[in-house]
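FYI, it's all coordinate maths here, none of it is from the lab. A quick note: this is a predicted structure, and the numbers were derived from the prediction, not measured. Cβ coordinates were reconstructed from backbone atoms using ideal geometry, including for glycine residues, and neighbour counts include every protein chain displayed.
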Amino acid sequence: MTSEPGSTKFQIDLRRHLRNNEVERNLTILICELAEASKYIINSIRTGDLGVAGTSNLYGEEQLELDVLSDRILQKRLKNSGVVSSFLSEESSEVVYLACEDGQCYSVAYDPLDGSSLVDVNLAVGTIISIYAGSDLMQTGRKQVAAMYILYGPRTTIVYSTGNGVHEFAMNQLMEYTLVQENVTIDKAGGIYSPGGQRNLYTDGTREYVLSLEASGHKLRYSGGFVPDINQILMKGRGIFMYPHLKGHPNGKLRLLYELNPMAFLVEQAGGAASNGYMPIMDIKPQGIDDRAPVFIGCKEDVAMAESFVARELAVTG
Ligand code: F6P
Ligand code: MN
């Protein structure tokens, strides 16, 4: 962006940024299609038809729940893009395979509207997207070629990475995404923590870890939405989010394919880390499309400390 006095302020939009960074042509098409889809999703969220599936609106039309509607919007874009050979949505139970037209094809796993129950109480929600080359989605997150999320908050923003840093864009009044920040980075250790799950179900190691964060002055910042909570860490450049293993729920809550892998890709690209307490999230080999995993994600040293508390716990119990 140039902003010299007297000169016209020139904004870099998402497409130009992808081109400037020499992102592969079909991947550029795919990311731009997803960005276009988000404009319809934000419109559905804002118009506030808090549709309940099976009910009808003022005009007698059947309404769809916002997460189902968001999924339809994304599916349509992916199917028509010509560059997608398979996709998987959190809303469906199987991978959809497509004939991909020409050149490099991609597969996409996505959560169309994460935190959708927060829409009713007017809190921020988001779309999370993981992208692989080819049509195999059952690979480790390490093999992702790109990841992104769209955050529907007071502003609508896109944060993406194609393995060349993390970049933030905001929607302007013309509904175009323009560059806010390039090469977002996070510090080694941070001052905020976002702990998901019920504390009375935490294992001893996680409870002690949280106590140690509190003792070192970390402030509690938890919105209940994975996208805004991760965005807060990336944009403030510090912090740790966790949704740990719980008593009775050894794999926590969040899904590997459409929630954890894409966020782990973005956070690692920004210089942070993401672990299930034992190993990096992106090295977990998926067994099924709806696998879950515990997660500690954010500043590198804070994640390493979480791992040491979990290891200590194993030493005690094992
Ligand atoms: O999709 C799951 C989700 O809504 C995330 O956005 C969020 O991080 C998590 O669940 C919150 O879970 P809980 O309500 O158990 O804290
Ligand atoms: Mn979700």
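The orientation-averaged projected area of the convex hull spanned by the Cα atoms of region 192-317 comes to 7.2 nm². By the rule of a second cysteine Cβ within less than 4.7 angstrom, the chain holds isolated cysteines at C32, C299.
3J(HN,Hα) along region 250-256, derived from phi through the Karplus expression 6.51 cos²θ - 1.76 cosθ + 1.60 where θ = phi - 60°, amounts to x, 9, x, 10, 7, 8, 5 Hz, with x in place of Gly and Pro. Evaluated on region 111-204, the Kirkwood hydrodynamic radius is 16.0 Å, with distances taken between all distinct Cα atoms.
How fast does the chain diffuse by Stokes-Einstein, in µm²/s, taking the Kirkwood radius from C-alpha pairs at 10 °C and 1.306 mPa s? Walk me through the numbers before you get to the answer.
Values: Rh = 20.2 Å.
My calculation gives 79 µm²/s for D.
Summarised as an ellipsoid, region 14-181 has semi-axes of 26, 20, 14 Å, derived from the eigenvalues of the Cα gyration tensor scaled by 5 and square-rooted, with the largest first. Counted by neighbouring Cβ atoms within 10 Å, the residues D290, D114 run from fewest to most as D290, D114. On C-alpha positions alone, give me the angle between the axis of helix 300-317 and the longest principal axis of the chain, in degrees, nearest 10. Result, in degrees: 50. For the residue pairs K143/K219; K76/K236; K79/K247; K39/K143; K79/K236; K76/K253, the alpha carbons lie more than 30 Å apart in K143/K219; K76/K236; K79/K247; K79/K236. Relative to the longest principal axis of the Cα atoms of the chain, the long axis of helix 204-215 lies at roughly 80 degrees.
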